[in-house]
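Taking it in order: structure first as structure tokens, then the write-up.
The values are calculated or read from the model by the stated rules, or taken from the named source; none is laboratory data. In this text, all values refer to a predicted model and were calculated from it rather than measured experimentally. Cβ coordinates were reconstructed from backbone atoms using ideal geometry, including for glycine residues, and neighbour counts include every protein chain displayed.
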């Protein structure tokens, strides 16, 4: 249970723990507001070049700063998952892409966040030249048999599911 929130965001009353829906949740005793803890939605993009190599970025932010991963990012409130995928790909790699297909939906439990709902898309190259964005320290294509260690289980599963 989230230890950070203590007071109701609606009426500022101290929250109390209650068993609700077979879970222990923080609830406001006055207005009945419930602190539901939901996963953070994110997108991950799988893109191969004309040489059948997989695009990875070297992370410049936590979690797993300095390690290679698929391009990824959080979905903004006003975006569709597809729009977020295209935006994040452009921000991280300078590549404009298009959605080819949904690969799958996964759960990740990184150290910084309790739970992340990961939506994996295969994307195709439309335009641009590869250039690492501000939250990346590198961007590079790798052959599938020479991939560096990838720290996120969801990214490894997306690669595995796509290469089947």
_Options 30, 4, 17; residue that is over 27 Å from residue 150 (Cα atoms) and not in a loop (DSSP other than H, G, I, E, B)_ = 17
*Confirm whether residue 86 is within 18 Å of the chain's Cα centre (by Cα), touching a residue at least 12 places away in the same chain (Cβ under 8 Å) and not in a strand (DSSP E or B).*
yes
*Please indicate, with yes or no, whether at least one residue in the stretch 56-71 is in the same structural domain as residue 44 (by TED's automatic domain parsing), assigned to a loop (DSSP other than H, G, I, E, B), in contact with a helix residue (DSSP H, G or I) (Cβ under 7 Å, 6 or more places away or on another chain) and surrounded by 13 or more Cβ atoms within 10 Å (Cβ to Cβ).*
yes
*Is the stretch 81-92 home to any residue that is closer than 22 Å to residue 52 by Cβ and surrounded by fewer than 15 Cβ atoms within 10 Å (Cβ to Cβ)?*
no
*Looking at (1) touching a helix residue (DSSP H, G or I) at 6+ places or on another chain (Cβ under 7 Å); (2) assigned to a strand (DSSP E or B), find the lone condition where residue 101 falls short.*
(1)
_Criterion violated by residue 109 - all others in (1) within 29 Å of residue 4 (Cβ to Cβ); (2) touching a helix residue (DSSP H, G or I) at 6+ places or on another chain (Cβ under 8 Å) satisfied_ = (2)
*Only one residue in 137, 144, 153 is exposed (fewer than 15 other Cβ atoms within 10 Å of the Cβ), out of contact with any helix residue (DSSP H, G or I) (no Cβ under 7 Å at 6 or more places or on another chain) and over 30 Å from residue 37 (Cα atoms). Which one?*
137
*Sort through 91, 76, 108, 82 and tell me the only one that's out of contact with any strand residue (DSSP E or B) (no Cβ under 8 Å at 6 or more places or on another chain) and more than 12 Å from residue 47 (Cβ to Cβ).*
76
*Under the condition of being at pLDDT 95 or above and over 13 Å from the mean Cα position of the chain (by Cα), which residue from the stretch 61-76 is farthest from residue 160 (Cα to Cα)?*
66
